[in-house]
Amino acid sequence: MYKIVFDEMVSILNDSTWNEPILAIHIPQRAKFERYLQAVLSLRLKKRFDDTEIEYPLDGKHVDIYANETYIELKTPNTNFKLSGVVDKTRPITKNVQSIIDDIHKLRTLKIKKGVVAFVLFPIHTDKDDYKKHIDKIISALGNDNYCQEIVGNMLVFSCMI
């Protein structure tokens, strides 16, 4: 399921119908777009899986999307890397990365059968590896090889199975 989520996210970010609000509005302002991604992704998943719901309740908490008996947590963490055409702002990338790790732990503590954590890290330098140390922390917390990652424009798309 993490591969389906990953493929859909990459498709959304490559599809001009969906990516224009992200690329034209969110990225230049370093504005997170998690709810937008949640809506578009859940719409696509609903076409495949009848059980798709957003803000699915679970043990007094909620998960962003539930589909195909899988609990999915989404994030759109922004970085503080300087890029042309993107407003310079101080963003707590370390806290953003920790929130992804927290989602991994959250799904594990809920003792569910299938869970996915997926995110779009932005903006990143495609010619540098300054973001990789943060991804390495996430992979270390994940503790398995069930993940996909790909650069789309100046964004890193990542999805993993919990």
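A few comments on the model shown:
- Every pair of residues 6+ apart whose Cβ atoms lie under 7 Å, when the first sits in the stretch 124-142 and is more than 23 Å from Asp88 (Cβ to Cβ) while the second is of a type in the set (Phe, Trp, Tyr) and surrounded by 15 or more Cβ atoms within 10 Å (Cβ to Cβ): Ile139/Tyr147
- Residue selected from the stretch 64-101 under the condition modelled with pLDDT of 95 or more and among the acidic types (Asp, Glu), by the criterion surrounded by the fewest Cβ atoms within 10 Å (Cβ to Cβ): Glu69
- Number of residues in the stretch 99-145 that are among the acidic types (Asp, Glu), closer than 17 Å to Tyr2 by Cα and assigned to a helix (DSSP H, G or I): the value is 1.
- Scan the stretch 102-115 for residues that are out of contact with any strand residue (DSSP E or B) (no Cβ under 9 Å at 6 or more places or on another chain) and either within 20 Å of Pro77 (Cβ to Cβ) or surrounded by 15 or more Cβ atoms within 10 Å (Cβ to Cβ) (or both) and the total you get is 2.
- Qualifying position, being over 25 Å from Met161 (Cα atoms) and either of a type in the set (A, V, I, L, M) or surrounded by 20 or more Cβ atoms within 10 Å (Cβ to Cβ) (or both), among Leu23, Leu37, Leu43, Leu13: Leu23
The values are calculated or read from the model by the stated rules, or taken from the named source; none is laboratory data. Given the structure is predicted, the values throughout are model-derived calculations rather than measurements. All Cβ positions, even for glycine, are placed from backbone atoms using ideal geometry, and neighbour counts span all protein chains on display.
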